[in-house]
Amino acid sequence: MQELGWSEVEHRFGMYFKQKSAEIEFYFSMNAPDDSESGPLFLLPVVGVTHCETSRLEERFLGLPPTPGPLVGTVGRGLLDLWWREGRTLDDRWVIRSRDDVEQVIGRVVEDFELYGLPFLQSLGTLEDIIRYLKRIPRGQEMSGKLAIACALHGLYDDAAAALEEYAAEARDQVPPMSTQSWEFIRSYGEYFRDLPIAIPQP
């Protein structure tokens, strides 16, 4: 990955970042199931895009301490999802059974990343691209929050209000401490974007 211009950061199985622009970062991580140490290592690579300002504000609105180093991703997909979308069968392609397998399997993962992961990342190279993607996928509360922030930053105030109301609809069905954090997100969002014409939901 470093030969392809990606920077490595500390991660159990390997994580890499590449700056797309001043506001967009791409990331690629080699993950594995928690029980992988008890048998063969089945890699589950993930690709994703971070819109830096959206991620910073998401952390702020949730009351989280700023992330040291690379920020939390805005949009992510398992490379396996992208692989299956192409109608392919994985079999044992990403399974490491012994030390002798490591170099060959990692080579396959990188090859598959270039074929399937990179086009996905390149389709999300701007904030507008990310917003379009978030608007068309099924969304849980977390993704609705990201969309509400991204739309506000991009000047899409009606879309921002609609996404924030999606977020609030889930908050109304929650109990503490989850509901407390959700309403703190909404309160902080309203405070930060108070000069914009965005309706802020109430409990």
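Considering ARG56, ARG97, which residue is more than 17 Å from ILE130 (Cβ to Cβ) and modelled with pLDDT of 85 or more? It would help to see each step written out before you state the result.
Values: ARG56 fails: more than 17 Å from ILE130 (Cβ to Cβ).
Every option except ARG97 fails the conditions.
Give GLU165, GLU184 a once-over and let me know the one that is charged (D, E, K, R) and without any contact (Cβ under 8 Å) to a residue 40 or more places away in the chain.
Unique residue meeting the criteria: GLU165.
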Hits in the range 151-187 - residues which are more than 22 Å from LYS135 (Cβ to Cβ) and either at pLDDT below 95 or open to solvent by 20 Å² or more (accessible area, probe 1.4 Å) (or both): ARG172, ASP173, GLN174, VAL175, PRO176, PRO177, MET178, THR180, GLN181, TRP183, GLU184, ARG187
Complete set of residues in the range 111-133 that are touching a strand residue (DSSP E or B) at 6+ places or on another chain (Cβ under 9 Å) and within 18 Å of MET1 (Cα to Cα): PHE113, TYR116, GLY117, LEU118, PHE120, LEU121, GLN122
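Report yes if PHE120 is at pLDDT 95 or above, open to solvent by less than 90 Å² (accessible area, probe 1.4 Å) and assigned to a helix (DSSP H, G or I), otherwise no.
On the way: at pLDDT 95 or above: yes; open to solvent by less than 90 Å² (accessible area, probe 1.4 Å): yes; assigned to a helix (DSSP H, G or I): yes.
Criteria met by PHE120.
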Single condition GLY78 does not satisfy, out of (1) closer than 26 Å to ALA163 by Cα; (2) touching a Gly at 6+ places or on another chain (Cβ under 9 Å); (3) modelled with pLDDT of 90 or more: (2)
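The values are calculated or read from the model by the stated rules, or taken from the named source; none is laboratory data. Values in this document were obtained by computation on a predicted structure and should not be read as measured data. Counting neighbours? That spans all protein chains shown, and the Cβs are built from the backbone with ideal geometry, glycine included. What goes into the accessible areas is simple: the full protein's heavy atoms, side chains included, and nothing from ligands, DNA or RNA. Shrake-Rupley method; radii C 1.70, N 1.55, O 1.52, S 1.80 Å.
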